[in-house]
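Report on one structure; see the data block that follows.
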Amino acid sequence: STFTATNCSFDSNSASQGSGVYMTSSSVLEMSSLVLRNAKGFAVCDGTGTLTATHFDLNASYQHFLLDEACLLTLYQVNSDGSTAFNSQLRNQVISENGTKSIIHYSYPCGSGQWSSDGIEHGNTAEYEDVNGLTIDYNNPYCDAGVDHPGDGIVCSDSCSSCPAGRYLPFTIDRYRHVGIDSCLECPVGRYLSDDDTSGNWWLHDDLDDCAACPSGRYGHETGMAECTLCIPGSFAPNYGSLFCTTAQAGHFVANEEATEELPCPAGRFAAGSSNIECSSCDPGSYQPEEGKTSCLVAQAGFFVANQNAINEMPCPPGRFAAGSSNMEC
(Lines give C-alpha, C1' and ligand atoms only; values in the text may rest on other atoms or scores of the structure.)
Protein backbone atom coordinates (compact mmCIF):
# COMPACT_ATOMS: atom_id res chain seq x y z
CA SER A 1 0.00 0.00 0.00
CA THR A 2 1.04 3.63 -0.51
CA PHE A 3 0.48 6.42 2.04
CA THR A 4 1.00 10.09 1.15
CA ALA A 5 1.27 12.84 3.77
CA THR A 6 1.40 16.47 2.63
CA ASN A 7 1.23 19.80 4.45
CA CYS A 8 1.27 18.16 7.89
CA SER A 9 2.69 19.16 11.27
CA PHE A 10 3.55 16.69 14.05
CA ASP A 11 4.70 17.90 17.47
CA SER A 12 4.82 15.49 20.39
CA ASN A 13 7.56 14.27 22.70
CA SER A 14 5.28 11.92 24.64
CA ALA A 15 3.78 9.86 21.83
CA SER A 16 4.90 6.28 21.39
CA GLN A 17 7.16 5.19 18.57
CA GLY A 18 5.37 4.85 15.29
CA SER A 19 2.56 7.17 16.41
CA GLY A 20 2.85 9.04 13.12
CA VAL A 21 3.24 6.12 10.72
CA TYR A 22 3.99 2.47 11.44
CA MET A 23 4.96 0.57 8.30
CA THR A 24 5.03 -3.15 7.73
CA SER A 25 5.45 -5.42 4.72
CA SER A 26 6.22 -3.53 1.47
CA SER A 27 4.48 -0.26 2.31
CA VAL A 28 5.43 3.02 0.62
CA LEU A 29 5.36 6.32 2.53
CA GLU A 30 5.72 9.65 0.72
CA MET A 31 5.98 12.77 2.88
CA SER A 32 6.02 16.32 1.53
CA SER A 33 5.81 19.76 3.17
CA LEU A 34 6.11 18.18 6.61
CA VAL A 35 6.97 19.84 9.95
CA LEU A 36 8.38 17.50 12.63
CA ARG A 37 8.93 18.89 16.13
CA ASN A 38 9.93 16.65 19.06
CA ALA A 39 8.43 13.74 17.14
CA LYS A 40 10.58 10.85 18.28
CA GLY A 41 9.85 7.73 16.27
CA PHE A 42 7.40 9.55 13.98
CA ALA A 43 7.88 6.93 11.28
CA VAL A 44 8.77 3.33 12.08
CA CYS A 45 9.52 0.90 9.27
CA ASP A 46 9.35 -2.74 10.28
CA GLY A 47 9.50 -4.67 7.05
CA THR A 48 10.53 -3.95 3.46
CA GLY A 49 9.06 -0.47 3.22
CA THR A 50 10.25 2.64 1.40
CA LEU A 51 10.16 6.09 3.03
CA THR A 52 10.73 9.29 1.08
CA ALA A 53 10.54 12.83 2.48
CA THR A 54 11.00 16.19 0.81
CA HIS A 55 10.28 19.87 1.52
CA PHE A 56 10.31 19.31 5.28
CA ASP A 57 11.33 21.24 8.37
CA LEU A 58 12.51 19.36 11.45
CA ASN A 59 14.14 19.43 14.82
CA ALA A 60 17.28 17.42 14.16
CA SER A 61 17.88 16.54 17.80
CA TYR A 62 15.14 13.92 17.79
CA GLN A 63 15.24 10.51 16.14
CA HIS A 64 12.27 10.77 13.81
CA PHE A 65 12.89 7.73 11.62
CA LEU A 66 13.42 4.15 12.82
CA LEU A 67 14.36 1.57 10.21
CA ASP A 68 14.97 -2.15 10.18
CA GLU A 69 17.46 -3.78 7.82
CA ALA A 70 15.11 -4.10 4.84
CA CYS A 71 13.82 -0.52 4.73
CA LEU A 72 14.95 2.29 2.44
CA LEU A 73 14.86 5.93 3.56
CA THR A 74 15.57 8.88 1.25
CA LEU A 75 15.52 12.45 2.56
CA TYR A 76 15.63 15.45 0.22
CA GLN A 77 16.68 18.27 2.48
CA VAL A 78 17.43 21.92 1.69
CA ASN A 79 16.81 23.77 4.95
CA SER A 80 20.49 23.66 5.99
CA ASP A 81 23.83 24.79 4.63
CA GLY A 82 25.16 21.23 4.38
CA SER A 83 27.59 21.81 7.23
CA THR A 84 29.30 18.89 8.95
CA ALA A 85 27.61 19.73 12.24
CA PHE A 86 24.13 19.64 10.75
CA ASN A 87 24.84 16.47 8.80
CA SER A 88 25.91 14.80 12.03
CA GLN A 89 22.62 15.81 13.65
CA LEU A 90 20.68 14.58 10.65
CA ARG A 91 22.43 11.22 10.76
CA ASN A 92 21.75 10.87 14.46
CA GLN A 93 17.99 11.27 14.05
CA VAL A 94 17.86 8.10 11.93
CA ILE A 95 18.07 4.83 13.87
CA SER A 96 18.77 1.93 11.59
CA GLU A 97 19.45 -1.75 11.94
CA ASN A 98 21.41 -1.89 8.69
CA GLY A 99 18.61 -0.22 6.75
CA THR A 100 19.61 1.89 3.74
CA LYS A 101 19.75 5.64 4.37
CA SER A 102 20.34 8.38 1.84
CA ILE A 103 20.24 12.15 2.28
CA ILE A 104 20.39 14.41 -0.74
CA HIS A 105 21.12 18.05 0.05
CA TYR A 106 20.17 21.07 -2.02
CA SER A 107 17.99 19.19 -4.42
CA TYR A 108 14.41 18.04 -4.68
CA PRO A 109 12.78 15.39 -6.83
CA CYS A 110 11.06 16.88 -9.86
CA GLY A 111 7.61 18.10 -8.99
CA SER A 112 4.23 17.04 -10.31
CA GLY A 113 4.01 17.19 -14.08
CA GLN A 114 7.81 17.32 -14.45
CA TRP A 115 10.75 15.07 -15.38
CA SER A 116 14.54 15.19 -15.78
CA SER A 117 17.33 12.83 -16.73
CA ASP A 118 17.90 11.78 -13.11
CA GLY A 119 14.51 12.58 -11.60
CA ILE A 120 15.74 15.50 -9.49
CA GLU A 121 16.06 19.22 -10.10
CA HIS A 122 19.69 19.02 -11.18
CA GLY A 123 22.33 16.42 -11.73
CA ASN A 124 24.73 14.92 -9.19
CA THR A 125 27.60 17.31 -9.91
CA ALA A 126 28.83 17.85 -6.35
CA GLU A 127 31.02 15.98 -3.89
CA TYR A 128 29.93 13.09 -1.72
CA GLU A 129 30.66 11.90 1.80
CA ASP A 130 30.00 8.38 3.01
CA VAL A 131 29.83 8.16 6.80
CA ASN A 132 28.60 5.02 8.51
CA GLY A 133 26.64 3.95 5.44
CA LEU A 134 24.89 7.32 5.10
CA THR A 135 25.40 9.05 1.75
CA ILE A 136 25.54 12.84 1.84
CA ASP A 137 25.21 14.67 -1.47
CA TYR A 138 26.47 18.24 -1.22
CA ASN A 139 24.78 19.58 -4.32
CA ASN A 140 25.28 23.31 -4.61
CA PRO A 141 22.24 25.48 -3.74
CA TYR A 142 22.90 27.73 -6.73
CA CYS A 143 21.82 24.87 -8.93
CA ASP A 144 18.27 25.22 -7.68
CA ALA A 145 17.91 28.12 -10.10
CA GLY A 146 18.88 25.82 -12.94
CA VAL A 147 21.68 28.08 -14.16
CA ASP A 148 25.46 27.72 -14.46
CA HIS A 149 27.98 29.72 -12.44
CA PRO A 150 31.24 29.10 -14.31
CA GLY A 151 33.05 31.78 -12.31
CA ASP A 152 32.52 29.66 -9.20
CA GLY A 153 33.42 26.44 -10.99
CA ILE A 154 29.81 25.29 -10.74
CA VAL A 155 28.13 23.61 -13.69
CA CYS A 156 24.51 22.70 -13.11
CA SER A 157 22.46 20.24 -15.08
CA ASP A 158 19.18 21.23 -16.63
CA SER A 159 16.23 21.93 -14.38
CA CYS A 160 13.17 19.72 -14.56
CA SER A 161 11.08 20.01 -17.69
CA SER A 162 7.31 19.92 -17.87
CA CYS A 163 5.75 16.87 -19.44
CA PRO A 164 5.19 17.32 -23.16
CA ALA A 165 1.87 17.63 -24.93
CA GLY A 166 -0.29 14.54 -24.53
CA ARG A 167 1.32 13.51 -21.22
CA TYR A 168 0.90 14.13 -17.48
CA LEU A 169 2.44 13.00 -14.17
CA PRO A 170 0.49 13.05 -10.89
CA PHE A 171 1.96 14.00 -7.52
CA THR A 172 4.79 11.80 -6.34
CA ILE A 173 8.09 12.50 -4.58
CA ASP A 174 9.67 9.29 -5.77
CA ARG A 175 12.47 10.66 -7.98
CA TYR A 176 12.60 7.44 -9.96
CA ARG A 177 9.09 8.10 -11.20
CA HIS A 178 10.36 11.35 -12.73
CA VAL A 179 13.32 9.89 -14.65
CA GLY A 180 13.17 10.52 -18.39
CA ILE A 181 10.40 11.90 -20.55
CA ASP A 182 8.75 8.47 -20.69
CA SER A 183 8.00 8.73 -16.97
CA CYS A 184 5.23 11.11 -17.99
CA LEU A 185 2.04 9.13 -18.50
CA GLU A 186 0.16 9.28 -21.78
CA CYS A 187 -3.37 10.64 -21.85
CA PRO A 188 -5.81 7.79 -22.47
CA VAL A 189 -7.71 7.33 -25.71
CA GLY A 190 -10.50 9.81 -26.23
CA ARG A 191 -8.53 12.55 -24.46
CA TYR A 192 -5.85 15.07 -25.35
CA LEU A 193 -3.50 17.61 -23.77
CA SER A 194 -2.32 20.36 -26.10
CA ASP A 195 0.08 22.38 -23.91
CA ASP A 196 3.66 21.91 -25.10
CA ASP A 197 5.55 24.55 -23.09
CA THR A 198 8.16 22.23 -21.58
CA SER A 199 9.89 25.11 -19.76
CA GLY A 200 6.89 25.71 -17.52
CA ASN A 201 3.15 25.18 -17.13
CA TRP A 202 3.73 22.00 -15.11
CA TRP A 203 0.34 22.59 -13.46
CA LEU A 204 -1.25 21.76 -16.82
CA HIS A 205 0.34 18.29 -16.70
CA ASP A 206 -0.04 17.17 -13.07
CA ASP A 207 -3.29 15.23 -13.15
CA LEU A 208 -5.31 12.92 -15.36
CA ASP A 209 -8.03 15.57 -15.39
CA ASP A 210 -5.65 17.78 -17.38
CA CYS A 211 -6.32 15.43 -20.28
CA ALA A 212 -9.49 16.90 -21.75
CA ALA A 213 -12.10 14.84 -23.55
CA CYS A 214 -12.03 15.19 -27.31
CA PRO A 215 -14.77 17.63 -28.34
CA SER A 216 -17.66 16.50 -30.49
CA GLY A 217 -16.70 16.44 -34.14
CA ARG A 218 -13.26 15.02 -33.24
CA TYR A 219 -11.93 11.71 -31.96
CA GLY A 220 -8.92 10.30 -30.09
CA HIS A 221 -7.97 6.82 -31.22
CA GLU A 222 -4.48 6.74 -29.64
CA THR A 223 -2.96 7.43 -26.23
CA GLY A 224 -0.80 10.50 -25.67
CA MET A 225 -2.50 12.74 -28.20
CA ALA A 226 -1.68 16.47 -28.27
CA GLU A 227 -4.84 17.17 -30.21
CA CYS A 228 -7.81 15.17 -31.39
CA THR A 229 -8.33 14.22 -35.02
CA LEU A 230 -11.04 15.87 -37.09
CA CYS A 231 -13.85 13.73 -38.42
CA ILE A 232 -13.65 13.84 -42.21
CA PRO A 233 -16.64 14.57 -44.49
CA GLY A 234 -18.94 11.57 -44.57
CA SER A 235 -18.49 10.95 -40.83
CA PHE A 236 -19.36 12.60 -37.52
CA ALA A 237 -18.87 12.37 -33.74
CA PRO A 238 -21.85 13.52 -31.67
CA ASN A 239 -20.30 13.06 -28.22
CA TYR A 240 -17.30 14.23 -26.21
CA GLY A 241 -14.49 11.72 -25.76
CA SER A 242 -15.20 9.75 -28.93
CA LEU A 243 -12.70 7.06 -29.90
CA PHE A 244 -13.80 7.05 -33.54
CA CYS A 245 -16.12 8.83 -35.96
CA THR A 246 -19.41 7.32 -37.07
CA THR A 247 -20.02 7.03 -40.81
CA ALA A 248 -23.11 8.62 -42.31
CA GLN A 249 -25.73 5.96 -42.86
CA ALA A 250 -27.72 5.38 -46.05
CA GLY A 251 -30.17 8.18 -46.72
CA HIS A 252 -27.97 10.68 -44.87
CA PHE A 253 -24.87 12.77 -45.59
CA VAL A 254 -22.12 14.82 -43.92
CA ALA A 255 -20.72 17.54 -46.15
CA ASN A 256 -18.06 19.11 -43.91
CA GLU A 257 -15.27 18.02 -41.55
CA GLU A 258 -15.61 18.17 -37.75
CA ALA A 259 -19.31 17.40 -37.98
CA THR A 260 -21.31 16.55 -34.89
CA GLU A 261 -24.32 15.05 -36.69
CA GLU A 262 -25.47 13.56 -39.97
CA LEU A 263 -28.23 15.15 -42.02
CA PRO A 264 -31.02 13.39 -43.92
CA CYS A 265 -31.08 13.74 -47.66
CA PRO A 266 -33.74 16.32 -48.59
CA ALA A 267 -36.82 15.38 -50.57
CA GLY A 268 -35.97 14.96 -54.25
CA ARG A 269 -32.56 13.43 -53.40
CA PHE A 270 -31.24 10.10 -52.08
CA ALA A 271 -28.10 8.32 -50.78
CA ALA A 272 -27.85 4.59 -51.38
CA GLY A 273 -24.62 3.76 -49.52
CA SER A 274 -22.85 4.97 -46.37
CA SER A 275 -20.15 7.62 -45.70
CA ASN A 276 -21.93 9.99 -48.07
CA ILE A 277 -20.61 13.53 -48.38
CA GLU A 278 -23.60 14.56 -50.52
CA CYS A 279 -26.88 13.15 -51.79
CA SER A 280 -27.67 12.25 -55.39
CA SER A 281 -30.44 13.91 -57.38
CA CYS A 282 -33.48 11.99 -58.49
CA ASP A 283 -33.27 11.90 -62.32
CA PRO A 284 -36.12 13.02 -64.58
CA GLY A 285 -38.72 10.27 -64.63
CA SER A 286 -38.28 9.69 -60.88
CA TYR A 287 -39.04 11.55 -57.66
CA GLN A 288 -38.82 11.31 -53.87
CA PRO A 289 -41.40 13.05 -51.68
CA GLU A 290 -39.70 12.28 -48.34
CA GLU A 291 -36.32 13.08 -46.80
CA GLY A 292 -33.75 10.54 -45.64
CA LYS A 293 -34.40 8.02 -48.40
CA THR A 294 -32.03 5.58 -50.12
CA SER A 295 -33.66 5.60 -53.59
CA CYS A 296 -36.12 7.43 -55.79
CA LEU A 297 -39.61 6.38 -56.91
CA VAL A 298 -40.32 6.02 -60.64
CA ALA A 299 -43.18 7.84 -62.29
CA GLN A 300 -46.02 5.38 -62.87
CA ALA A 301 -48.09 4.96 -66.04
CA GLY A 302 -50.17 8.04 -66.76
CA PHE A 303 -47.71 10.28 -64.88
CA PHE A 304 -44.41 11.99 -65.68
CA VAL A 305 -41.48 13.82 -64.05
CA ALA A 306 -39.80 16.34 -66.33
CA ASN A 307 -36.99 17.65 -64.07
CA GLN A 308 -34.44 16.28 -61.60
CA ASN A 309 -34.78 16.68 -57.82
CA ALA A 310 -38.54 16.29 -58.14
CA ILE A 311 -40.58 15.66 -55.03
CA ASN A 312 -43.69 14.38 -56.79
CA GLU A 313 -44.97 13.05 -60.14
CA MET A 314 -47.41 14.93 -62.34
CA PRO A 315 -50.43 13.43 -64.18
CA CYS A 316 -50.47 13.63 -67.94
CA PRO A 317 -52.68 16.53 -69.06
CA PRO A 318 -55.85 15.96 -71.07
CA GLY A 319 -55.07 14.85 -74.61
CA ARG A 320 -51.78 13.16 -73.62
CA PHE A 321 -50.87 9.77 -72.18
CA ALA A 322 -47.92 7.75 -70.76
CA ALA A 323 -48.21 4.02 -71.18
CA GLY A 324 -45.04 2.91 -69.34
CA SER A 325 -43.18 3.99 -66.20
CA SER A 326 -40.27 6.38 -65.53
CA ASN A 327 -41.83 8.84 -67.98
CA MET A 328 -40.14 12.21 -68.44
CA GLU A 329 -43.00 13.45 -70.60
CA CYS A 330 -46.42 12.32 -71.82
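Using 0.36 nm times the number of residues separating A226 and S33, minus their current alpha carbon distance, what extension gain do you get?
Contour length minus Cα-Cα distance gives 66.2 nm.
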Please report the net charge: other residues with Cβ closer than 12 Å to the Cβ of P233, K and R +1, D and E -1.
-4
Quote to one decimal, in nm, the extra length available between N307 and N239 on full extension: 0.36 nm per residue of separation minus the C-alpha distance between them.
20.5 nm
For segment 245-330, averaging the sequence separation of alpha carbon pairs under 8 Å that lie six or more residues apart and dividing by its residue count, the contact order in percent is 25 percent
Share of segment 184-330's accessible area from carbon and sulfur, percent, 1.4 Å?
51 percent
Could you run the Karplus curve 6.51 cos²θ - 1.76 cosθ + 1.60 with θ = phi - 60° over segment 169-175 and give me ³J(HN,Hα) per residue in whole Hz, x for Gly and Pro?
8, x, 4, 6, 10, 7, 4
With the contact rule set at Cα under 8 Å and sequence spacing of 6 or more, what percent relative contact order holds for segment 175-221?
42 percent
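So, counting K/R as plus one and D/E as minus one, what does the shell of residues with Cβ under 10 Å around A165 add up to?
Values: positive: R167; negative: D195, D196, D197, E227.
So the environment of A165 carries a net charge of -3.
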Can you sort C71, C160 by 1.4 Å-probe accessible area, starting with the largest?
C160, C71
Surface accessible to a 1.4 Å probe, F244 within the full protein complex, Å²
140 Å²
With all protein chains present, calculate the accessible area of T246 using a 1.4 Å probe and round the result to the nearest 10 Å².
60 Å²
Tell me whether segment 192-243 comes out rounded, prolate or oblate; compute the Cα gyration tensor, take square roots of the eigenvalues as a ≥ b ≥ c, and use a/c under 1.5 as the rounded threshold.
prolate
Gain upon complete extension [A272, M314; 0.36 nm per residue less C-alpha separation]
12.7 nm
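The values are calculated or read from the model by the stated rules, or taken from the named source; none is laboratory data. None of the values given here were measured: they were computed from a predicted structure. As a convention, Cβ positions derive from the backbone with ideal geometry for all residues, glycine included, and neighbour counts pool all protein chains shown. The area values use the complete protein model at the heavy-atom level, side chains included, leaving out ligands, DNA and RNA. Shrake-Rupley method; radii C 1.70, N 1.55, O 1.52, S 1.80 Å.
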